[in-house]
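Undergrad: If you scroll down you'll find the structure; I have some questions about it.
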Amino acid sequence: MQPAGLNKGTSGNVSVRRDDGFYITPTGMPYDRLAADDIPLMALDGSHVGSRKPSSEWRFHRDLYAARPEVGAVLHAHSPFAVSLACLRRDIPPFHYMIARFGGDTIRCADYAIFGSEALSVSAMAAMADRKGCLLANHGLLVAGRDLDEALALAAELEELCEQYWRACQLGEPVLLSDGEMADVLVKFSGYGQQ
């Protein structure tokens, strides 16, 4: 995540499903210093095993795995353009057809709640309904993929869309695709890529 420009220091977190639990990055540790033994294994009841405490954001990871069996990996980042737009607390509209990659005609921005809280997870889950990504108000981005590779690709794509939208807004109000145009794109995306 750091070489991709998605995180600096110890911000953000990533997890991957394992059976009926998940591995998640530990709280407050630099990624480049992590060893396999540093990664806690969490159960869906919130308990964990391992020598390190899990990320404080474990709740929205857990809730995504519990509610969505197709999700195999979750990534949360404090990337610069996503954070900038999240601080405006507004959805990203259909200024570009690639918005559809995330499952709808917008990228929603979840309501603000303090990090690590159950309220943040509830807000994130609402914004992620039928979506693969969202912004978290005054916080960052959240994506859910079928595996770690897809989660990283989605995070990079979402950050790029945030940058493109931010840049387009510097020149004026972007022209948005219509509901019909986005519906057509969503149909095309349903069979896009290697299945």
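Undergrad: Do the sum for the chain: with -39,500 (n - 2.57) for every DSSP H run of n ≥ 4, divided by all residues, what is the mean residue ellipticity at 222 nm, to the nearest 500 deg cm²/dmol?
TA: Result for the chain: -10000 deg cm²/dmol, rounded to the nearest 500.
Undergrad: Quick one: accessible surface of Ser51, probe radius 1.4 Å, all protein chains present, in square angstrom to the nearest 10.
TA: Solvent-accessible area, nearest 10 Å²: 90 Å².
Undergrad: A further question follows. Given the C-alpha centroids of the range 89-119 and the range 6-23, what is the distance between them in whole angstrom?
TA: If we compute the Cα centre of each part, the gap is 20 Å.
Undergrad: Among all the lysines, which ones have a C-alpha under 27 Å from Lys8's C-alpha, if same-chain residues fewer than 8 places away are not counted?
TA: Output for Lys8: Lys53, Lys132.
Undergrad: Give the whole-number value, in cubic angstrom per residue, of the convex hull volume spanned by the C-alpha atoms of the range 79-194.
TA: Per-residue hull volume (Cα only) is 100 Å³.
Undergrad: Also, quick follow-up: With the other protein chains left in place, how much accessible area per residue, in square angstrom, belongs to the range 1-127 at a 1.4 angstrom probe?
TA: Details: 6000 Å² over 127 residues.
Counting only protein heavy atoms, the per-residue value for the range 1-127 is 47 Å².
Undergrad: How big is the chain by Rg and Dmax over its Cα atoms, in Å?
TA: 16.4, 52
Undergrad: Then there is this: Given a 1.4 angstrom probe, I'd like the percentage of the accessible area of the chain that is carbon and sulfur, rounded to a whole number.
TA: Numbers: 5240 of 9840 Å².
Ligands and nucleic acids excluded, carbon and sulfur reach 53 percent.
Undergrad: Past the 15 angstrom mark, what percentage of all C-alpha to C-alpha distances in the range 39-122 do you count?
TA: For the range 39-122, the share of Cα pairs beyond 15 Å comes to 69 percent.
Undergrad: Still on this structure, I have one more. If you line up the long axis of helix 58-67 against the longest principal axis of the chain, both from Cα atoms, how many degrees apart are they, to the nearest 10?
TA: 70 degrees
Undergrad: Tilt of helix 118-127 relative to the longest C-alpha principal axis of the chain, in degrees (0 to 90, nearest 10)?
TA: Helix 118-127 and the main axis of the chain meet at about 30 degrees.
The values are calculated or read from the model by the stated rules, or taken from the named source; none is laboratory data. Source: prediction; values computed, not measured. Remember, those area values only see protein heavy atoms, side chains included, never the ligands or the DNA or RNA. Shrake-Rupley method; radii C 1.70, N 1.55, O 1.52, S 1.80 Å.
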